[in-house]
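Please read the structure below before turning to the comments.
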Amino acid sequence: MATEVIVPTLGESITSGIIAAWNVQDGDYVEKDQVIYELETDKITSEGIAEVSGVVSLSASEGDEVEIGQVIATIDESAEAPSDNSEKKESAEEPEVKSEESGESEEAKPSAESSDAVSPAVRRIAAEEDLDPASVEGSGKAGRVTKGDMLKALSDRPSVKESKPAKKTAAETPKPAAKSKPAGERTTRKRMTPLRKKIAERLVSAQQDAAMLTTFNEADMTAIKELRAKYQDSFVKKHGIKLGFMSFFVKAVVQALQEVPGINAQIDGDEIIQNHYFDIGVAVSTEKGLMVPVIRDCDQLNLAGIEKSIIEYAKKAREGKIQIDDLQGGVFTITNGGIFGSMLSTPILNAPQSGILGMHAIQERPVAVKGQVEIRPMMYLAVSYDHRIVDGKEAVTFLVKVKEALEDPTRLLLDV
């Protein structure tokens with residue numbers, strides 16, 4: 001009896017995807033609930049598991065675009081699992097490693113290159129960083145090592161400077177003559193991923209379909225920096241997380257949306273939909289592209305609740321565990337180019353939303369304060385908006401409200 005492996009339904013708007021990787025080979029014996037492939041769509045990357053145990057027969061290759069509901073493999077349930085004898089034989093052929101502390105024999109763990117139980121992302125990190133996944137504690141299903149586990153292990157291990165001997169000086173080691181690359185290695189060509197393709201389509205569509213305009217202002221971040229410095233230790237002790245800047249911006253945006261509701265609306269055909277809820281999207285940069293998970297009911301969350309949600313969604317996005325529902329339904333978006341050093345930008349709308357706030361790098365600049373020149377930590381702010389339904393007066397007022405809330409954060413706590 002053979003069971004079909006079918007591409008599952010992942011959301012109403014997702015109709016196809018690309019097989020990013022097979023974690024098994026044709027003819028392998030797989031166990032029930034084993035992760036056997038990774039599917040990349042225009043919104044998320046998901047893992048496919050075996051519903052039964054048996055020998056797998058692949059009918060699609062890595063890189064193939066497959067439709068939802070398509071059969072991409074079959075699993076022969078009648079096939080027997082490898083016998084104990086063969087397992088013992090393989091075990092006997094593996095070298096034994098003696099523990100210097102206990103003197104007990106331990107089976108050598110398989111290297112990253114020979115293991116089919118890890119994802120391609122894990123194998124790539126293992127090869128590039130010389131880190132064996134078998135030495136890393138897994139947080140995934142059934143103890144599976146994830147990309148996030150590998151990155152954490154890399155950050156925890158000693159630095160290269162400490163572990164490697166000093167390099168020879170330039171005088172001791174002559175530099176080899178530079179060699180020009182062969183013509184075939186000067187460029188590479190690869191297919192756009194569904195996510196990157198979708199991002200490109202949405203950005204172009206936003207510029208073509210909306211009358212997009214951007215207005216600018218700047219905010220003095222002194223009060224927020226002083227507040228964070230004063231209460232950071234207490235905040236961490238109580239909530240287990242640091243108090244960042246983003247939670248202040250989310251609360252400032254919510255307050256501004258409440259005072260200027262025209263921004264919290266969108267166009268649907270020839271109708272205007274006025275939103276009365278405050279689900280705010282926060283842009284997160286990942287290896288595969290930009291994702292915008294949505295924090296629900298921000299008007300009902302405190303700073304700690306917002307910070308925890310941001311950390312949780314960012315982790316899920318970077319580990320490829322984000323779900324389609326996590327990305328839908330936002331009314332406004334915040335993007336922070338400042339973490340990459342951006343001084344000023346014009347953010348593109350996240351359709352069908354009518355507004356997006358761009359944060360930028362904080363830089364100390366001389367400013368006039370009550371007739372005196374002082375050095376203050378300043379940030380440029382930018383709000384892009386859909387001029388079809390948002391007037392310039394509303395957009396400017398909205399940004400001024402955000403600025404005032406940031407410069408006097410007690411307004412956020414007192415709701416004034």
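The values are calculated or read from the model by the stated rules, or taken from the named source; none is laboratory data. All values reported here derive from a predicted model rather than from experimental measurement. Cβ: placed from backbone, ideal geometry, glycine included. Neighbour counts: every protein chain shown.
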Which listed residue is of a type in the set (D, E, K, R), surrounded by 13 or more Cβ atoms within 10 Å (Cβ to Cβ) and under 25 Å from residue 394 (Cα atoms), from 268, 220:
220
Considering only region 316-337, I want to know if a residue exists there that is in a loop (DSSP other than H, G, I, E, B), under 15 Å from residue 357 (Cβ atoms), assigned by TED's automatic domain parsing to the domain that holds residue 235 and charged (D, E, K, R).
no
Restricting to region 21-49, what's the tally of residues that are under 25 Å from residue 326 (Cα atoms), among the hydrophobic types (A, V, I, L, M, F, W, C) and either part of a loop (DSSP other than H, G, I, E, B) or in contact with a Phe, Trp or Tyr (Cβ under 8 Å, 6 or more places away or on another chain) (or both)?
3
Can residue 52 be described as of a type in the set (A, V, I, L, M, F, W, C), surrounded by fewer than 18 Cβ atoms within 10 Å (Cβ to Cβ) and either in contact with a strand residue (DSSP E or B) (Cβ under 8 Å, 6 or more places away or on another chain) or more than 26 Å from residue 143 (Cα to Cα) (or both)?
yes
Expected output for region 393-407 (first residue surrounded by 23 or more Cβ atoms within 10 Å (Cβ to Cβ), partner part of a helix (DSSP H, G or I) and charged (D, E, K, R), Cβ below 9 Å, 6+ apart or cross-chain) is 398/259; 405/251; 405/411
Can you find, within region 292-317, the residue that is surrounded by the most Cβ atoms within 10 Å (Cβ to Cβ) among those that are hydrophobic (A, V, I, L, M, F, W, C) and in contact (Cβ under 8 Å) with a residue 60 or more places away in the chain?
306
Inside region 390-416, can you point out the residues that are in contact with a helix residue (DSSP H, G or I) (Cβ under 7 Å, 6 or more places away or on another chain) and either under 11 Å from residue 259 (Cα atoms) or not in a helix (DSSP H, G or I) (or both)?
390, 394, 398, 401, 402, 408, 409
Among (1) within 25 Å of residue 201 (Cα to Cα); (2) touching an Asp or Glu at 6+ places or on another chain (Cβ under 7 Å), there is one condition residue 327 misses while meeting the rest; what is its number?
(2)
